[in-house]
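**Student:** The structure follows.
The values are calculated or read from the model by the stated rules, or taken from the named source; none is laboratory data. In this text, all values refer to a predicted model and were calculated from it rather than measured experimentally. Glycine also receives a Cβ, built like all others from the backbone with ideal geometry; neighbour counts cover every protein chain displayed. Side chains are part of the model used for accessible areas, which takes the heavy atoms of the whole protein and leaves out ligands, DNA and RNA. Shrake-Rupley method; radii C 1.70, N 1.55, O 1.52, S 1.80 Å.
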Amino acid sequence: MWAIILHGGAKQIEPEEAEANRSGCLRALAAGQAVLERGGSAVEAAEAALRVLEDDPTFNCGYGSVPNRAGEVEMCAALMEGQSFNVGAAGVIQGVRNPVSVARAMLEEETILIAGPGARDFAAEKRLELCDPATLKGAGGQKRDKAKAHDTVGCVALDRNGLLVAATSTGGLEGTPVGRMGDSAMPGCGYYADNGVGAVAFSGDGEHIARKMLAARVMHALGQMEPDAALELAVRHVADIGGEAGGIALTPDGRFGWMHNSREFAVAYASSERPEPRVFLSKAEERVQGGA
Ligand code: GLY
C-alpha cells in the first residue's frame, strides 16, 4: 500500500485565493502520487510534491517565500525518513530554487542540518539549481502586508516498502530577524518520521511549535490514538501559548489525519485504498463533504 497527504500552509485563504490553493495542492499531490504509484520511494515522492509547491507563488516556500525584516528571502526545508532516522535539513538558505532538494541531498550526509551560506555552498557542491536571491525577493510578501499571512508547506508519505517520510519547506514568517530559523528545519518540532509509529509535519508559528516540540508530542500520542486526535491535542498545546498551527500525520498502516487552528489549512491526499485525489481548504470543509 501507499499513502500521501500534503498541505499548503496554516493561514487565511481569501475567496479569490481558494482556486490557486486547491489546484496547487492537487498538482503537488499528483507529482507525489505518480512516484508512489509506480513503486518509487516516499523520499522521492515527498521531494517531488514539495518542489511543485516551491515553484508556485501561491505558497510561502521557494519562489513564493515571504521576506524577512531586511526584505530578503531566507528559506528552510527538511526531509526525514523513518527507517534509518536519517534527517536532512537546510536552514536560512538563500539563492536556491528548491530548498527541499537541498534537504534531500543532506539525507546522505552525517550532518543533519546545515544553515546560512554553508547551505548554499553545499547546494552548489551538489550541483543543485541556484538562483539570484533577488529573483525570490519576497514574491509571497507582495501579495499581502499582513505578517503570518502565509506559512510552511509539508508532506508525509508512505511507500510500498513501508518507508515513512516527513518533509517541510518554508520562507519562514514575514518580517522576522535576519538569520532566524523556525521549526521547519528542526526535527521533533516541525516534523518527524519513524516507520514504527508514523510521520508528521507542521505549519504555523515556528517559535510556538518549537517551544512545544509539537512533532515529538504527536509521535508520543500516535501509539495511543488516531492521527486526528493526536494532532488536535498538539494544536491545542500551541493554542495554549497563543500560537497557530496546522499539522498532517500518517501511520505505518496508511491512516492519515490533519488538524489546524488557523482559519484555513489547504490539504490534499490520496492512498492506494482511495487513489482519487481529495482536496480541502479546511477541516470544516472536509467534515461537510466527507473525507477518506
Ligand atoms: N513554521 C514556519 C516558521 O515558523 O518558520
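**Student:** Keeping to region 53-69, report how many residues are surrounded by fewer than 24 Cβ atoms within 10 Å (Cβ to Cβ) and in a helix (DSSP H, G or I).
**Tutor:** Result for region 53-69: 1.
**Student:** Among what's in region 147-187 and is of a type in the set (Gly, Ala, Ser) and surrounded by fewer than 24 Cβ atoms within 10 Å (Cβ to Cβ), pick the residue that is farthest from the ligand (Cβ to nearest atom).
**Tutor:** At the first step, the residues of region 147-187 found to be of a type in the set (Gly, Ala, Ser) are 147, 149, 154, 157, 162, 166-167, 169, 171-172, 175, 179, 182, 184-185.
Of the ones still in play, those that are also surrounded by fewer than 24 Cβ atoms within 10 Å (Cβ to Cβ) are 147, 149, 162, 175, 179.
On the way: Ala147: 11, Ala149: 13, Gly162: 28, Gly175: 12, Gly179: 12 Å.
Per the criteria, the residue is Gly162.
**Student:** Same structure again: Restricting to region 82-97, what's the tally of residues that are in contact (Cβ under 8 Å) with a residue 60 or more places away in the chain and closer than 14 Å to Gly171 by Cβ?
**Tutor:** Looking only at that region, the number is 3.
**Student:** Is there a residue being among the acidic types (Asp, Glu) and over 25 Å from Ala30 (Cβ atoms) anywhere in region 149-163?
**Tutor:** No, region 149-163 has no match at all.
**Student:** Inspect all residues belonging to region 97-107 and state whether any of them is at pLDDT 95 or above, surrounded by 22 or more Cβ atoms within 10 Å (Cβ to Cβ) and in a loop (DSSP other than H, G, I, E, B).
**Tutor:** Yes: region 97-107 contains one or more residues that are at pLDDT 95 or above, surrounded by 22 or more Cβ atoms within 10 Å (Cβ to Cβ) and in a loop (DSSP other than H, G, I, E, B).
**Student:** What number of residues in region 263-280 are surrounded by fewer than 21 Cβ atoms within 10 Å (Cβ to Cβ) and closer than 26 Å to Lys212 by Cα?
**Tutor:** Result for region 263-280: 1.
**Student:** Please tell me if Ala78 is of a type in the set (A, V, I, L, M) and buried (at least 24 other Cβ atoms within 10 Å of the Cβ).
**Tutor:** Answer is yes for this residue.
**Student:** Right, here's the next one. If you scan region 188-209, which residues turn out to be open to solvent by 10 Å² or more (accessible area, probe 1.4 Å), of a type outside the set (Ser, Thr, Tyr) and either more than 14 Å from the ligand (Cβ to nearest atom) or touching a helix residue (DSSP H, G or I) at 6+ places or on another chain (Cβ under 6 Å) (or both)?
**Tutor:** The answer is Cys189, Asp194, Asn195, Gly196, Val197, His208.
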